[in-house]
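Engineer: Have a look at this one before I ask anything.
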Amino acid sequence: MSSYSIILYGFILIALISAIGILAVNNVFKAALFLLTCLLSLAAIYVLCLAEFVAVTQILVYAGGVVVVIIFGIMLTTKLTGKPLEVKNGNLFPGLLAALAFASMLVKYQSMMATSTAELSTMSENLVSKTGVELMTNYVLPFELAGLLLLMALIGAAVTTRSTPE
Amino acid sequence: MNLQEALHIIEKSLSYLYPELILTGGILVLITISLFKRISSIVFSVVSISICLATISLLVEEGLLRASLFSGIIVKESFSTYLKILANIGSLVTCVMTLSSNNQRMKSAEFYALLLTIVLGGHFLVMSNNLLMVFISMEIISISSYVLAGHANTKEASEGSLKYFLFGSVASAIMLYGFSLLYGVTGTLDFATEGFVKGITEYNSPILLIAGFMALAGFLFKVGAAPMHPWAPDVYQGASVPVVAFLSVVPKLAGIGILIKFILVISAYGQSKYDWQAIISVVAILTLTVGNFSALAQRNLKRMMAYSSIAQTGFLLVGIAAYLPEGIQFMLFYATVYVAMNFIVFISLQFFEQRNIWNTEHFAGTGRLLLWPSISMLIGLIALTGLPPTAGFTGKLFIFSSLWEAYHLSEKNILLWLFVFGLLNTVVSLFYYLKIPYYAFLKEGQSVEKGNFNLWENLLSLILVLVVLGLFFAPGLLMCWINSVNFVL
Amino acid sequence: MQQYLLSLLIFIPLIAAIVVLFVPSVFQRSFRMITLSASILQAIIFTIILSSSSADASFIIKEQTTWFSIDIGSWGILKAEYFVLLDGLNVSLVALSIGVMLIATIASWKETKNQKGYYALLLILNTAIVGSFTALDFLLFYLFFEFMLLPMFFLIGIWGGPRREYASIKFFLYTLLGSIFILIALIALYISVHDPSAVPGKLVHSFNLLTMADPKNYISNSILDPNNLWMVGPLSARTWIFLLIFFGFAIKLPMVPVHTWLPDAHVEASTPISVILAALLLKIGGYGILRIAYPILPDAAVELSWIVATFGVISIIYGALNALASKDLKRLIAYSSVSHMGFVILGISSVTSEGVTGAIYQMFSHGIISAMLFLIAGVLYDRTHDRIINNYSGLASRMPAYFVMVLVAFFASLGLPGFSGFIAEIMVFLGAFRSASANGLIHESFAIIATSGLVLGAAYYLWTIQRMFFGPFDLKGIASKSELYDLTPREYILLLPLAFSALAFGIFPQLILNWINPFAQQFIEAVLSKGASLTSNL
Amino acid sequence: MIEALPLHILSAFLFATGLAIVIIKRNAIVVLMGIELMLNASNVNLIVFNRMHPSTFDGQMFALFVIIVAVCETAVGLAIILRVYRFYKTSVPDHIQELKG
């Protein structure tokens, strides 16, 4: 087993464990930290899969943005309610059953896809610059729409949290 | 492809997107206005002018057969244009409805900006020929809808919007996973291409079924079909009436538009070994049953209308299950009528809600004191039931005719079940649709002040009632237009 | 003008309804005058039509234009027509409906509650009834057929008795279920036929009932193609469709076991509405079976005639037994209607000229007699607000004129010779007996069992007379004796014409039979020949 | 040279865990985290599949857009959750039951 594989397996393991950690812990704050670990290890996996640009975005936007926003939300809500960060579980059995069913089904059929196609090839181009060009040519419409989406999400969030005059 | 060519394509594609550019312009103007203090007359005129201009530019280029834009990720053809016009009309009616609302938040610039964003998302959704475009435009609709659902800023509205958000995000995450699997199978995101269909027909594994189901989850959420419907009642009950009316029409029609394309592709134009026609038939049966039978128990009118709109989705799905080009044309007819009759009911509903009438019992005795709103409501409900002399009947007749023809061609028994079952559901739907006129006209009730529609409500409901009645006596007027709509991917 | 007379006949009440809606409510009294004049105008037009009948013997007057015609690409053209026609089958029923609507208008003279709505609905109902009797395009028929539902729903539900809401909802749901059955059949039928008169090369799906009745017009290998039967489960698709149409109309008829809406609706409806319900709406069921189910699906009809006959006989006996057990006068009359409409089914199922003529004649005569019976029940209810039979005795001495009218109505209804009911029932029996030898469709035993319905009919009517009118005068229950006065002039105006017609059509059946006979002849020839040729194809 | 199989298993498990969190956890913010996990599972898939079909950039592009959408969703979602907190003083969806049939 090459060192490359060892690193990959390592990150996969970290991602899985921290994902399960979110499920296992009953503290919202700890769950958010687990999410952060998971997202960061996924970014590492993306680098190993030669998707550097996505990996960077993952770190900057997801880990740096989403998780921070979530932690911020947690703090605000605890301040609003004045209650501890504990989370209760419900529907434990059906939830786990559904998850297991999904996992086994996906693993079974998706792994068939992995074996039926050739092994991953490697590319040696300058991926980041190519991504940039693609974004401004073939993907310019979704790109612009994504901009609109961000704008509306911002306005939506502002409208939602703004307190009413009444 | 070099950069020069790419820029040329973008330039050329943009010239086809005037309606969407107008809407975007409208959104930006509205956002700018919202920075200043409320100037509601200007706000309203900006919205209505941009929608009208967009509709006009859609009508102008209606002769267009098919144009593939932005290297094929969206496609303009008459089918999507028709749905877009319908969505525009729906949003225009909603805007006029907000004029009569007594909630000031319904008249803010942000509200209209969100409304226009949903319409814009709907435009791109029905044009999409690419999974990424589908995802992005669907999220534009969804995220704006979450905000709109809670826009009234009451306790109920925020609860509805939270449930909508949680349910919708899960649905779109599931759909996204389905998309990623489909991408893995076919190696392309452009689902109308030969490569995609070839991938689907050649790849012989249940993963296709799983991916299809997962993707379907997102679409069914958007159109409000069973089993992805549970958000609808809470959202409808919580949100203000114009928003509910809007959500029950525009996102639904856009979702139906993309669902047709998706079903056609996932079944590889009928060559797939999985019978997607039967699956959609089962979904339609389920949706009709859930919608109609749950509506029976409702006393809150908005909640009842939520289940009613679920059931109406079932009827639209029957048109998809029929699967013929004619089935799709008849479905467009029904969709048009649905827009009209749904708005008739909601306009009256807003009127009644302003007088604190929202439970069926509250309607007792309103028939005589609030005569015209009650009669307009009666006509809307009769049309939704599908009784003559309303176009609701004609629409059902057409849709079920195409289903019968589909049964004849394919000899699948599930279609016959759907046929009989769907029509018998009409009887069930009568129980709850009739409950309102029953209370309004047959029961003696508490005292409500005598009242009538204001000018705008009168005008709107009169036009819509005329449409619903007129299309019964002369369905040819609309059908000859729909006939020019052809469905090509 | 001549060619639009029939349309005028149908739509005059609708125009009058619109007039009523626009007249301000202060002119309360004008509404009933408008309604009355609409009915009288209808009667005049009808006489003009009859006096100038067309040269073609198969119909009296007809009107036919395209309603809409939609081109749907590869699928062909969808064509609906505005096609109304008056022939031997419906001429008597149209006459009946004009007369009964006139009487119902006079009977509602004293209605005070929300007159505007009442008369507008009555007028709309009038248009719907005449329209469905005359429409020969299936879609047009269905439109009128459904159009009857809502006015009736409100007429029972707003102006009815204490349990009116329950009764109106029940009425609505039963009939809507029936019309959904018919809608299924309608869709299946029109997709399977094409109009031969259309431009060659174009497939025209027509709603025309005459087109549907011709087996040649079915698209080959379509689901309902009579030459190539398509099986759905154990039965052929054509048989299923026949059953759907038959049960759809049987609910309206009403036939046991789908009759349960009728007693409730009758008991709760006000007198004029009961009259319209019994005299006209029930007839649409029988009319629909004769006009649509049998001619269009003769093979299935011939095959299933014994089932139809069984239901007819069950209706006769069950209705009569229930009438015997009824304590409420209106409920008794309602069940007697079920029993009498059973004769219509039996007559149709025999497919003999006597049977079919008898069935049509029974519909006509029952229309007159049931109208009279409900008016009589209404007279008593007006005075005492009590309809329980056992609460009355010895009424004959107090209300002699009323007693005479009751005698006429009851004897006409139980089929005493000299009244129209007798002619109708005897013809149905003859037809049912002869069927075994003439076409072998139904066994003689059906006729024999059905005669017991006559005996039971005599029993419940005579027993009622004995309980209510003979013996010492006494009133139990809530009624007070002082309110019992004899017939008023307005009631004479209502009852005398009906009593007179029941007698007249009993003594001179030719008045109507001249119209019915040729039609019945044509009908049975068409059904039997087509039915036989289609079943032999199997 | 990387093997696809473990990555497929990773994405399947991430998705299943996310689903389990959504169903089990009684806190809107944690449910939001579950949704993020599900989205990330799809992203892993998209990137791995992009390696199998290297002729275009579709998969990676899709993954980028998914991240953008996730940001928007989180922003709006948290705003909605915060408002519900204000009204109900709780974040347990089961306690929020003003709306009933």
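The values are calculated or read from the model by the stated rules, or taken from the named source; none is laboratory data. These figures come from a predicted structure and were not determined experimentally. Here the Cβ positions follow ideal geometry from the backbone for every residue, glycine too, while neighbour counts run over all protein chains shown. Only protein heavy atoms, including side chains, enter the accessible area calculation; ligands, DNA and RNA are left aside. Shrake-Rupley method; radii C 1.70, N 1.55, O 1.52, S 1.80 Å.
Engineer: With the checklist (1) open to solvent by 40 Å² or more (accessible area, probe 1.4 Å); (2) under 30 Å from B:F293 (Cα atoms); (3) free of Cβ contacts under 8 Å to residues at least 40 places away in the same chain in hand, flag the one item B:L423 doesn't pass.
Structural biologist: Here B:L423 meets the rest and fails (1).
Engineer: Still on this structure, I have one more. What are the residues in the stretch C:1-42 that are buried (at least 21 other Cβ atoms within 10 Å of the Cβ) and among the polar types (S, T, N, Q), if any?
Structural biologist: C:T35, C:S39, C:Q42
Engineer: Moving on to the next point. Of the residues B:V235, B:V250, B:V243, which single one is under 30 Å from B:Q354 (Cα atoms) and within 14 Å of chain A (Cβ to nearest Cβ)?
Structural biologist: Values: B:V235 fails: within 14 Å of chain A (Cβ to nearest Cβ); B:V250 fails: within 14 Å of chain A (Cβ to nearest Cβ).
Going through B:V235, B:V250, B:V243 in turn, just one is under 30 Å from B:Q354 (Cα atoms) and within 14 Å of chain A (Cβ to nearest Cβ): B:V243.
Engineer: Please specify each residue of the stretch B:277-288 satisfying the condition of being in contact with a Gly (Cβ under 9 Å, 6 or more places away or on another chain) and open to solvent by less than 40 Å² (accessible area, probe 1.4 Å). Full working, then the answer.
Structural biologist: Here is the first cut: in the stretch B:277-288, the residues in contact with a Gly (Cβ under 9 Å, 6 or more places away or on another chain) are B:277, B:279, B:283-288.
The answer is B:Q277, B:I279, B:V283, B:A284, B:I285, B:T287, B:L288.
Engineer: I've got another one for you. So, in the stretch C:192-206, of the ones that are surrounded by fewer than 24 Cβ atoms within 10 Å (Cβ to Cβ) and of a type outside the set (G, A, S), which residue ends up nearest to the other protein chains (Cβ to nearest Cβ)?
Structural biologist: Narrowing the stretch C:192-206 to residues surrounded by fewer than 24 Cβ atoms within 10 Å (Cβ to Cβ): C:194-204.
Then drop every residue that is not of a type outside the set (G, A, S), which leaves C:194-196, C:199-200, C:202-204.
On the way: C:H194: 13, C:D195: 16, C:P196: 20, C:V199: 17, C:P200: 21, C:K202: 14, C:L203: 12, C:V204: 14 Å.
Selected residue: C:L203.
Engineer: Sticking with this structure for a sec: Tally up the residues in the stretch C:121-170 that are β-branched (V, I, T) and at the interface with another protein chain (Cβ under 8 Å from one of its Cβ atoms), please. So that I can check it myself, show each step before the final result.
Structural biologist: So the first thing to find is which residues in the stretch C:121-170 are β-branched (V, I, T), and the list is C:124, C:127, C:129-130, C:134, C:156, C:158, C:169.
Those left that are additionally at the interface with another protein chain (Cβ under 8 Å from one of its Cβ atoms): C:158, C:169.
Within the stretch C:121-170, residues that are β-branched (V, I, T) and at the interface with another protein chain (Cβ under 8 Å from one of its Cβ atoms) number 2.
Engineer: Scan the stretch C:488-511 residue by residue and report those that are in contact (Cβ under 8 Å) with a residue 24 or more places away in the chain and β-branched (V, I, T).
Structural biologist: Within the stretch C:488-511, C:I493, C:I507 meet the criteria.
Engineer: Find the residue count for the stretch D:10-46, including only residues that are within 7 Å of chain A (Cβ to nearest Cβ), without any contact (Cβ under 8 Å) to a residue 40 or more places away in the chain and not hydroxyl-bearing (S, T, Y).
Structural biologist: Here the count works out to 18.
Engineer: Let me ask you something else. Can you spot a residue in the stretch B:397-406 that is open to solvent by 10 Å² or more (accessible area, probe 1.4 Å), within 13 Å of chain C (Cβ to nearest Cβ) and assigned to a helix (DSSP H, G or I)? Walk me through how you get there before you give the answer.
Structural biologist: Of the stretch B:397-406, the ones open to solvent by 10 Å² or more (accessible area, probe 1.4 Å) are B:404-405.
Cutting the leftovers down to within 13 Å of chain C (Cβ to nearest Cβ) gives us B:404-405.
From the residues that got through so far, the ones that are assigned to a helix (DSSP H, G or I) too are B:404-405.
Looking through the stretch B:397-406, at least one residue is open to solvent by 10 Å² or more (accessible area, probe 1.4 Å), within 13 Å of chain C (Cβ to nearest Cβ) and assigned to a helix (DSSP H, G or I).
Engineer: Sticking with this structure for a sec: Looking at the stretch B:81-100, is at least one residue open to solvent by less than 20 Å² (accessible area, probe 1.4 Å), assigned to a loop (DSSP other than H, G, I, E, B) and within 23 Å of B:L455 (Cβ to Cβ)?
Structural biologist: Yes, because at least one residue in the stretch B:81-100 is open to solvent by less than 20 Å² (accessible area, probe 1.4 Å), assigned to a loop (DSSP other than H, G, I, E, B) and within 23 Å of B:L455 (Cβ to Cβ).
Engineer: Please verify whether C:E165 is part of a helix (DSSP H, G or I), touching a Gly at 6+ places or on another chain (Cβ under 9 Å) and of a type in the set (D, E), treating the condition exactly as stated.
Structural biologist: On the way: part of a helix (DSSP H, G or I): yes; touching a Gly at 6+ places or on another chain (Cβ under 9 Å): yes; of a type in the set (D, E): yes.
So C:E165 fits the description; yes.
Engineer: Limited to the stretch C:99-113, what total is found for residues that are open to solvent by 10 Å² or more (accessible area, probe 1.4 Å) and either of a type in the set (V, I, T) or in a loop (DSSP other than H, G, I, E, B) (or both)? Give the derivation first.
Structural biologist: Residues of the stretch C:99-113 that are open to solvent by 10 Å² or more (accessible area, probe 1.4 Å), as a first pass: C:99, C:102-103, C:106-107, C:109-113.
The next check asks that each one be either of a type in the set (V, I, T) or in a loop (DSSP other than H, G, I, E, B) (or both); those that pass are C:103, C:106, C:109-113.
Going through the stretch C:99-113 one residue at a time, the tally reaches 7.
Engineer: Which of the residues belonging to the stretch B:1-55 are over 27 Å from A:I155 (Cβ atoms), of a type in the set (A, V, I, L, M) and open to solvent by 30 Å² or more (accessible area, probe 1.4 Å)?
Structural biologist: Selection gives B:M1, B:L3, B:L7, B:I9.
Engineer: Now for a different question. In the stretch B:151-195, which residues are within 22 Å of B:V488 (Cα to Cα) and charged (D, E, K, R)?
Structural biologist: B:D190, B:E194
Engineer: Looking at (1) open to solvent by 10 Å² or more (accessible area, probe 1.4 Å); (2) in contact with a Lys or Arg (Cβ under 9 Å, 6 or more places away or on another chain), which one does B:Y274 not meet, given that it meets all the others?
Structural biologist: (2)
Engineer: When the residues of the stretch C:435-461 are narrowed to those that are assigned to a helix (DSSP H, G or I) and free of Cβ contacts under 8 Å to residues at least 12 places away in the same chain, which ends up nearest to C:G394 (Cα to Cα)?
Structural biologist: Filtering the stretch C:435-461 down to residues assigned to a helix (DSSP H, G or I) leaves C:435-438, C:444-461.
Next, only the ones that are free of Cβ contacts under 8 Å to residues at least 12 places away in the same chain stay: C:436-437, C:445, C:448, C:455.
Details: C:A436: 47, C:S437: 49, C:S445: 40, C:I448: 36, C:V455: 25 Å.
This residue is C:V455.
Engineer: Would a scan of the stretch C:150-158 turn up a residue that is out of contact with any Cys (no Cβ under 9 Å at 6 or more places or on another chain), more than 27 Å from C:F46 (Cβ to Cβ) and in contact (Cβ under 8 Å) with a residue 40 or more places away in the chain?
Structural biologist: yes
Engineer: Suppose we filter C:P257, C:P295 for residues that are open to solvent by 10 Å² or more (accessible area, probe 1.4 Å), assigned to a helix (DSSP H, G or I) and of a type outside the set (G, A, S); which single one remains?
Structural biologist: Numbers: C:P257 fails: assigned to a helix (DSSP H, G or I).
So the residue among C:P257, C:P295 that is open to solvent by 10 Å² or more (accessible area, probe 1.4 Å), assigned to a helix (DSSP H, G or I) and of a type outside the set (G, A, S) is C:P295.
Engineer: Given the conditions (1) charged (D, E, K, R); (2) over 27 Å from A:K30 (Cβ atoms); (3) touching a strand residue (DSSP E or B) at 6+ places or on another chain (Cβ under 9 Å); (4) within 7 Å of chain A (Cβ to nearest Cβ), report the number of the one that D:D58 does not fulfil.
Structural biologist: D:D58 satisfies all of (1) charged (D, E, K, R); (2) over 27 Å from A:K30 (Cβ atoms); (3) touching a strand residue (DSSP E or B) at 6+ places or on another chain (Cβ under 9 Å); (4) within 7 Å of chain A (Cβ to nearest Cβ) except (4).
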